[in-house]
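Report on one structure; see the data block that follows.
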Amino acid sequence: MSDRVIADALEALGRADEAQQFRWQCFETSLEPQHLRDYLKRLPDFDDIQAEAMAWVATYPSCLIHQALVFFMEWPALREASALIVDRYAEIDGNYYELLTPASETLREKYPLAATVLLRAMIDFSLGNACSSRCKHAARHLIECEALALHIDDFGAIEPHHAYLAWLQRDHGRKSGFWS
């Protein structure tokens, strides 16, 4: 039986509070946007609750940062996705290219720093794990990072492009497949 059916059944039985608690529990465990939408549409004024939900997702456990990113991209809550990426960049696993690539493409125009962080995560994973099949993608990502750097006024805690490039050259300078 689906979660929505259970919540609707509780609602039909006149147990609206239980149905809402169940919807919220489902959202907490799955970060499925539809659970939050169902929860919010039954509230009289959901703006404050929506803001609380977004803040809660942003602090989702580090082992599930990618699940939080999926939620923000699907909601969509791009500002929150950007903040998540920049605040928790060290937790991003560059092996999730099927998530990170489209997320970086979506964020690049309004949130170039967040897009850069995602691209760098994929570059670092490819070079750090000797993924020769991903070298051309990593090289393309580096070119994209260079273009995005022109649109970033403040890198904050993230190292600027020239410093990142110097680090890549120092630590991965002999990977000719990447540099060619």
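The values are calculated or read from the model by the stated rules, or taken from the named source; none is laboratory data. Every value quoted in this text rests on a predicted model; they were computed, and no experiment measured them. When we count neighbours, we look across all protein chains shown, and the Cβ atoms used for this are built from the backbone with ideal geometry, even at glycine.
Structure values in brief
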| item | result |
| --- | --- |
| Positions within the range 103-114 being within 11 Å of the chain's Cα centre (by Cα) and either closer than 26 Å to residue 25 by Cα or among the hydrophobic types (A, V, I, L, M, F, W, C) (or both), in sequence order | 103, 107, 114 |
| Candidate set from the range 24-39 (those that are out of contact with any Asp or Glu (no Cβ under 8 Å at 6 or more places or on another chain) and under 13 Å from residue 77 (Cβ atoms)); member that is surrounded by the most Cβ atoms within 10 Å (Cβ to Cβ) | 36 |
| Every residue from the range 108-124 that is buried (at least 23 other Cβ atoms within 10 Å of the Cβ) and not hydroxyl-bearing (Ser, Thr, Tyr) | 114, 115, 117, 118, 119, 120, 121, 122, 123 |
| Pair list, Cβ < 7 Å and 6+ apart or interchain, from the range 5-26 residues that are closer than 16 Å to residue 41 by Cβ to residues that are of a type in the set (Asp, Glu) and at pLDDT 95 or above | 10/18 |
| The lone exception for residue 144 - which of (1) surrounded by fewer than 16 Cβ atoms within 10 Å (Cβ to Cβ); (2) touching a residue at least 24 places away in the same chain (Cβ under 8 Å); (3) in a helix (DSSP H, G or I) it fails | (1) |
| The listed residue being under 19 Å from residue 90 (Cα atoms), at pLDDT 95 or above, outside any helix (DSSP H, G or I) and of a type in the set (Gly, Ala, Ser), out of 121, 163, 157, 114 | 157 |
